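Peer 1: Let me begin by handing over the structure; questions about it come next.
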Amino acid sequence: MENLVQYFLDESTLWVPRVIGVVVIFVVFFILAKIMKRIITSAAERLKFDGNLTSLLARTSSITLIIFGFVTALGTLGVNVSALVAGLGLTGFALGFALKDTISNLLSGVLILLYRPFDKGDRI
């Protein structure tokens, strides 16, 4: 019984600092995501971008930072993230090919919102 208690005490001294580090890293990246979202929103308002474009850019940057924080936190916890990063890269590559036309249309819409070549009421 005493050996079991000693084992759990030894293991907890190894894992508690890692878990605290993971929580701190994830909270920092979450706060950075919120700050980035505010920066993008305020910059877009000054540049008079479309609200939909602003929302798209702010959400994309926020989600990207949170995913990056999650992968960093897993690395701090001791998980081998090189395979995870390689898998994410291959998944992005496959999705890029599979959604080529959809992504092309999305980027075309973003460019139309950015350059505003048309006004309301124009006929195309």
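The values are calculated or read from the model by the stated rules, or taken from the named source; none is laboratory data. Being a predicted model, the structure only gives us computed values, none of them experimental. All Cβ positions, even for glycine, are placed from backbone atoms using ideal geometry, and neighbour counts span all protein chains on display.
Peer 1: List every residue pair whose Cβ atoms sit under 7 Å apart, with the two residues 6 or more apart in sequence or on different chains, where the first one lies in the stretch 105-124 and is part of a loop (DSSP other than H, G, I, E, B) and the second, anywhere, is small (Gly, Ala, Ser) and at pLDDT below 85.
Peer 2: That search, which allows pairs on different chains as well, returns nothing.
Peer 1: Still on this structure, please answer the following. Could you look through the stretch 100-124, keep only residues that are more than 19 Å from LEU57 (Cβ to Cβ) and among the hydrophobic types (A, V, I, L, M, F, W, C), and pick out the one that is farthest from the chain's Cα centre (by Cα)?
Peer 2: Residues of the stretch 100-124 more than 19 Å from LEU57 (Cβ to Cβ): 100-101, 117-124.
Now restrict to residues that are among the hydrophobic types (A, V, I, L, M, F, W, C): 118, 124.
Numbers: PHE118: 32, ILE124: 37 Å.
Only one residue fits best here, namely ILE124.
Peer 1: Here's something else I'd like to know. Kindly indicate which of ILE63, ILE35 is at pLDDT 95 or above and within 30 Å of GLY87 (Cα to Cα).
Peer 2: Details: ILE63 fails: at pLDDT 95 or above.
Exactly one of ILE63, ILE35 is at pLDDT 95 or above and within 30 Å of GLY87 (Cα to Cα), namely ILE35.
Peer 1: Scan ALA86, ALA58 and give me the residue that is under 18 Å from the mean Cα position of the chain (by Cα) and at pLDDT below 90. Before the answer, list the steps.
Peer 2: Values: ALA58 fails: at pLDDT below 90.
Sole residue among the options that is under 18 Å from the mean Cα position of the chain (by Cα) and at pLDDT below 90: ALA86.
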